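S.K.: Below: one structure in structure tokens.
The values are calculated or read from the model by the stated rules, or taken from the named source; none is laboratory data. These figures come from a predicted structure and were not determined experimentally. Cβ placement follows ideal geometry from the backbone for every residue including glycine, while neighbour counts extend to all protein chains displayed. For accessibility, only protein heavy atoms count, side chains too; no ligands or nucleic acids. Shrake-Rupley method; radii C 1.70, N 1.55, O 1.52, S 1.80 Å.
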Amino acid sequence: MIYFDNSATTKPYKEALSTYVKVNEQFFGNPSSLHHLGLQAERLLFESRKQMASLLGTEAENIIFTSGGTEANNLAIKGTALANMHRGRHIITQQTEHPSVINACQQLEEHGFRVSYLPVDSHGQVSAEDVAAALTNETILVSIMHVNNETGAIQPIQEIAKLLKNEPQVLFHVDDVQGRGKVPLNLENIDLCTLSAHKFHGLKGNGVLYKKKGVKLSALLSGGNQESGFRSGTENAGGVAAMAKALRLIEEHRREHGERLRAVQQFLRKELEGRQDVIIHTPREGCAPHILNFSVERLKGEVLVHALEERGCYLSTTSACSSRQKKTSTVLTAMGVPKEIADSSVRLSLSYENTRQEAEAFIQILKDTIPTLAKVQR
Amino acid sequence: MNYDRVLVRYGELSTKGRNRSLFTNKLKKSIMHALREFPNIRLQVRHDRLFIHLKGTPFEEVKEPLKQVFGIQSFSPVVRTEQNIEEIQAAALELVRKNFSKGKTFKVSARRSDKQFELDTNGINQAVGGYVLQRMEGLTVDVKNPDINLLVEVRKEGVYLSCEKYPGATGLPAGTSGKAMLLLSGGIDSPVAGYMMMKRGVEIEAIHFHSPPYTSERAKQKVLDLAEKLTAFGAKMKVHVVPFTAIQQKIQEKVPSGYTMTSTRRAMMEIADEIRRKQGALALVTGESLGQVASQTLESMLAINAVTPTPILRPLIAMDKLDIIEIAQQIGTHDISILPYEDCCTIFTPAAPKTRPKLEKVQQYESSVNFEELIKEAIENTEVIQLPEEKAASEFSELL
């Protein structure tokens, strides 16, 4: 099996999985319980929080555990909107955001908020000047992703952060679900940041919203006031500990194997560029080291994904979340890619565990597969 | 030329006469404790200054930990030159250039501890200031409120230059004033009292009274977390956790309700004093502040104090609550202190404790009870925990 769908989800690290099992066997108490079992779970949760914070370069109190990236994005956007609507009702984002950002914004529009969806250039990048131009006295939030989930394009986060430093009334949220563990991000001038554990070999059902001290946020889930009241619900201590471990491990892997990952991507890019019938959508400069998005002309992306699957290679069309809706990729459309080419696109996404040998085998399989499909399709 | 060492000024310490080497050695130890994460640095003690050789460690990383060390008046990252005016001028120019941006003003503040040097302080100011001014366009002098204050300190072994000066924590180095026992409850006041004594060079061991099942494991953990916070200001700390349930129950049973609080405090003092004696400490420290609660009236203090002739230090006695809270916030204990766990002082509080207890009365009530055996037992079963604690983290380290 060649697993090249790591932006959809990663395989959990064995170590993270074993943490999850052990915690649920030994420290299964409710962290809010008064007795010893509760106290142990609470302390484990605190140690996990401290470790996450130190890996992110922040303090434990700035970490809110959530059920995943979607919840963290919703909490960041709707939570900010609810808590700050008295100051203004304008939000700025951009067109290639993940649906959990776009749809949260659209929902707010139904409730009287105004949202600017900034365009991107042909590389999929938004410009800081456009952000600056879109700011109004009513603006309360700018939400821009770090690494695009379909193309791997990196957005100019530091540039925007610098710009917003002079706008103290505007909060800056960054969706770092695809970047964490692959592309370093300094949180210093960022107010809110989303992470998802299963994108860095943790388990599904765990995420983080980083919230800078002093940032006002309304909770979306009301209840027992866990997570300092920002996210009620009994804490998933096992998942959280597994996430803390996975983040530690992927950061180690990034330092040790970062070059290798980039080299595998470069190799794939070069081989694909050598083909007349392939168009690569991932920008050459300013892209993450693990994503390659490309189209094989006149071949439906969906068909190619299934054909490759028969040969043991796992890829996606667009993002896993949208691929079942059979819609043309909004990300590629926003970049100006024509519909028929966008409909041919597939996304290949790597982890530090993928090797050059796998990449070579994949290229060979692709070479063999395309002619058989092209014959039928025509 | 990068800052390669830090010059540390002692302040109050320099006046300590023949005891000075004791003080400087303790200060050296405190600095080593505060900078223990940086194995490369080396310390060099001089009679009026201490030098930290950074050996590649960035100054920015040692800056914050150094600000917490008691006994430091101020400190500056410095570069060193020989006692040679050309060399001083060249280094000065480079430093000012690095810190300069358009419109900034500057001045030279020379200091000469080696009176043999060819120029006096005015001479140095002029020679260095003139040299820098001639070579930097747009730089002007402002002797009252300069943006760049170039410090030049001429010493026997060399000349030290800096554009930065940071205030230290002042006070006296940890352990220079002997040892005292702090009664640490978990509230806002007692950690602040401990901090203030530490600032005056007192080594602290903490005593906490634990009354399971009336007080929870969380309440105990909270006290350990507070004590651990205090270790940031000097050194390690022992915490003595005294099992106090049996004594509290006995008091409830035997002493009239108006006097239970007074009796409880007296028992605590007696136990604390006995642990003090065993640990070779010289005083007890409490977070009492006059008039804050029933036990903190002068009448109460008289009745409670009567159990021991040992000095009971109350550094917060004349402070307002808001001022105490402000310090608690500064030293990072406030947010732990306000966690809502019952402690042994609040659980048995009677509805109407006597605010003006009479010593004779409390003595009379206690005379019918044999506390000695219970107190002895409590001391024997006291748990001692050494902080900072390595254990809590390693318990889960395999999981994380």
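S.K.: Estimate the FRET efficiency between A:Phe28 and A:Glu259 by the formula 1/(1 + (r/R0)^6), using the beta-carbon distance for r and 41 Å for R0, to the nearest 0.05.
M.R.: 0.50
S.K.: As a check on your grasp of the helix formula, calculate [θ] at 222 nm for chain A: sum -39500 (n - 2.57) over DSSP H runs of n ≥ 4, divide by the residue count, round to the nearest 500.
M.R.: For chain A, the value works out to -13500 deg cm²/dmol.
S.K.: Once amide H atoms are built 1.01 Å from N in the peptide plane, which residues 5 or more positions from A:Met145, or in another chain, come under 5 Å H to H?
M.R.: A:Asp175
S.K.: On to the next question. Which trypsin sites (Lys or Arg not before Pro) does the range B:217-305 hold that lie in a coil by DSSP with at most 16 other beta carbons within 10 Å?
M.R.: B:Lys236
S.K.: Quote the FRET efficiency, to the nearest 0.05, computed for B:Arg20 versus B:Gln68 with a Förster distance R0 of 25 Å and r equal to the Cβ-Cβ distance. Walk me through the numbers before you get to the answer.
M.R.: Numbers: r = 22 Å, r/R0 = 0.90.
E(calc), rounded to 0.05, equals 0.65.
S.K.: Give me the lysines in straight-line cross-link reach of A:Lys11: C-alpha distance below 16 Å, same-chain residues under 8 apart excluded.
M.R.: A:Lys182, A:Lys199, A:Lys204, A:Lys245
S.K.: If we restrict to alpha carbons, what Rg and Dmax does chain B come to, in Å?
M.R.: Answer for chain B, Rg first and Dmax second: 26.8, 88 Å.
S.K.: Going Cα to Cα from B:Lys199, which aspartates and glutamates come in below 18 Å? Please leave out same-chain ones fewer than 8 positions away.
M.R.: B:Glu12, B:Glu64, B:Asp189, B:Glu228, B:Glu288, B:Asp323, B:Glu326
S.K.: Among B:Ile88, B:Phe106, A:Asn137, flag the residue with its Cα farthest along the positive direction of the charge dipole of the protein assembly as shown, charges on Cβ as +1 for Lys/Arg and -1 for Asp/Glu.
M.R.: So the residue we want is B:Ile88.
S.K.: Please check which bits of the range B:258-290 a label hung off B:Lys358 would reach, taking the label as a point 7 Å along Cα-to-C-beta and the cut-off as backbone N under 17 Å.
M.R.: Residues B:258-260, B:262-263 fall inside that zone.
S.K.: Enumerate the residues in the range B:158-195 having an amide nitrogen under 20 Å from the point lying 7 Å beyond the Cα of B:Glu118 toward its Cβ.
M.R.: Counting only backbone N, you get B:158-161.
S.K.: For the protein assembly as shown, take N as its residue count and report Rg(C-alpha) divided by 2.2 N^0.38 Å.
M.R.: Numbers: Rg = 32.8 Å, N = 778, 2.2 N^0.38 = 27.6 Å.
Here the Cα radius of gyration is 1.19 times the empirical estimate.
S.K.: Next up: Mind checking which lysines have their Cα closer than 18 Å to the Cα of A:Lys270? Skip sequence neighbours fewer than 8 apart in that chain.
M.R.: A:Lys367
S.K.: Moving on to the next point. Select from the range A:127-156 those GluC sites (Glu not before Pro) which occupy a DSSP coil region and have at most 15 other Cβ atoms within 10 Å, ordered by residue number.
M.R.: A:Glu138
S.K.: Roughly how big is the range B:160-307's charge dipole about its Cα centre, with Cβ charges of +1 (Lys, Arg) and -1 (Asp, Glu), in debye to the nearest 20?
M.R.: 220 debye
S.K.: Using alpha carbons only, how many angstrom separate the centre of the range B:351-400 from the centre of the range B:116-189?
M.R.: Using only Cα atoms, the two centres lie 47 Å from each other.
S.K.: Using all C-alpha to C-alpha distances in the range B:179-387, build P(r) with 10 Å bins and read off the rounded percent in each one.
M.R.: Calculated P(r), rounded to whole percents: 9, 37, 40, 13, 1.
S.K.: Ok, one more. What area, in nm² and to one decimal, does the C-alpha convex hull of the range B:1-97 cast on average over all directions?
M.R.: So the Cα hull casts an average projection of 6.8 nm².
S.K.: Let me ask you something else. Treating the beta-carbon of each Lys and Arg as +1 and of each Asp and Glu as -1, no other charges, what is the dipole magnitude of the range A:14-249 about its Cα centre, to the nearest 20 debye?
M.R.: Using Cβ point charges on Lys, Arg, Asp and Glu, the range A:14-249 gives about 600 debye.
S.K.: Can I ask one more? Tilt of helix B:217-230 relative to the longest C-alpha principal axis of chain B, in degrees (0 to 90, nearest 10)?
M.R.: Between the helix axis and the principal axis of chain B, the angle is about 30 degrees.
S.K.: Hey, with R₀ at 30 Å, roughly what FRET efficiency would B:Thr245 and B:Glu398 work out to, going by the Cβ-Cβ distance, to 0.05?
M.R.: FRET efficiency, B:Thr245 to B:Glu398: 0.30.
S.K.: In addition: Relative to the first principal axis of the alpha-carbon coordinates of chain A, what is the inclination of helix A:36-56, with its axis defined by its Cα atoms, in degrees from 0 to 90 and to the nearest 10?
M.R.: So the helix axis and the longest Cα principal axis differ by about 50 degrees.
S.K.: Need one value for A:44-53: mean number of C-beta atoms belonging to other chains within 10 Å of its residues' C-beta atoms.
M.R.: Mean shielding count: 3.
S.K.: What list of ³J(HN,Hα) couplings, whole Hz, do you get for the range A:146-158 from phi and the Karplus terms 6.51, -1.76, 1.60, once you set θ to phi - 60° and write x for glycine and proline?
M.R.: My calculation for the range A:146-158 gives 7, 10, 5, 6, 9, 10, x, 4, 9, 8, x, 4, 5 Hz in order.
S.K.: Between the DSSP loop rule and a limit of at most 10 other Cβ atoms within 10 Å, which GluC sites (Glu not before Pro) in the range B:28-76 are left?
M.R.: Answer in residue order: B:Glu37.
S.K.: Past 22 Å, Cα to Cα, is the threshold; run A:Lys22/B:Lys220; A:Lys216/B:Lys67; B:Lys28/B:Lys236; B:Lys29/B:Lys63; B:Lys26/B:Lys321 against it and keep the listed order.
M.R.: Over 22 Å apart, Cα to Cα: A:Lys22/B:Lys220; A:Lys216/B:Lys67; B:Lys26/B:Lys321.
S.K.: Using a 10 angstrom cutoff on alpha carbons, build the Gaussian network for chain A and name the most mobile of A:Leu221, A:Leu272, A:Leu195.
M.R.: A:Leu221
S.K.: Using unit Cβ charges (K, R positive; D, E negative) and no other charged atoms, how large, in debye to the nearest 20, is the dipole of the protein assembly as shown about its Cα centre?
M.R.: 1260 debye
S.K.: For chain B, take the longest principal axis of its alpha carbons; what is the angle in degrees between that and the long axis of helix B:257-279, to the nearest 10 within 0 to 90?
M.R.: Taking the Cα atoms of chain B, the angle to B:257-279 is about 50 degrees.
S.K.: Right, next: Rounded to the nearest 500, what is chain B's calculated 222 nm mean residue ellipticity when only DSSP H runs of at least 4 contribute -39500 (n - 2.57) each, over all residues?
M.R.: One gets -12500 deg cm²/dmol as the mean residue ellipticity at 222 nm.
S.K.: Would you mind giving the total buried accessible surface between chains A and B, with a 1.4 Å probe and ligands, DNA and RNA left out, rounded to the nearest 100 Å²?
M.R.: Separately minus together, A and B give about 1500 Å² buried.
S.K.: Continuing with this model, one more query. For the range B:5-167, compute Rh as the Kirkwood radius over C-alpha pairs and then the Stokes-Einstein diffusion coefficient at 4 °C and 1.567 mPa s; write the answer in µm²/s, rounded to an integer. Please report the intermediate quantities before stating the final value.
M.R.: Working: Rh = 16.7 Å.
D, rounded to a whole number, is 77 µm²/s.
S.K.: Taking just the C-alpha trace of chain A, give me its Rg and Dmax in Å.
M.R.: Gyration radius and largest Cα-Cα distance of chain A: 21.1, 69 Å.
S.K.: Label points 7 Å out from Cα along the Cβ direction at A:Glu59 and A:Glu138: separation in nm?
M.R.: 3.5 nm
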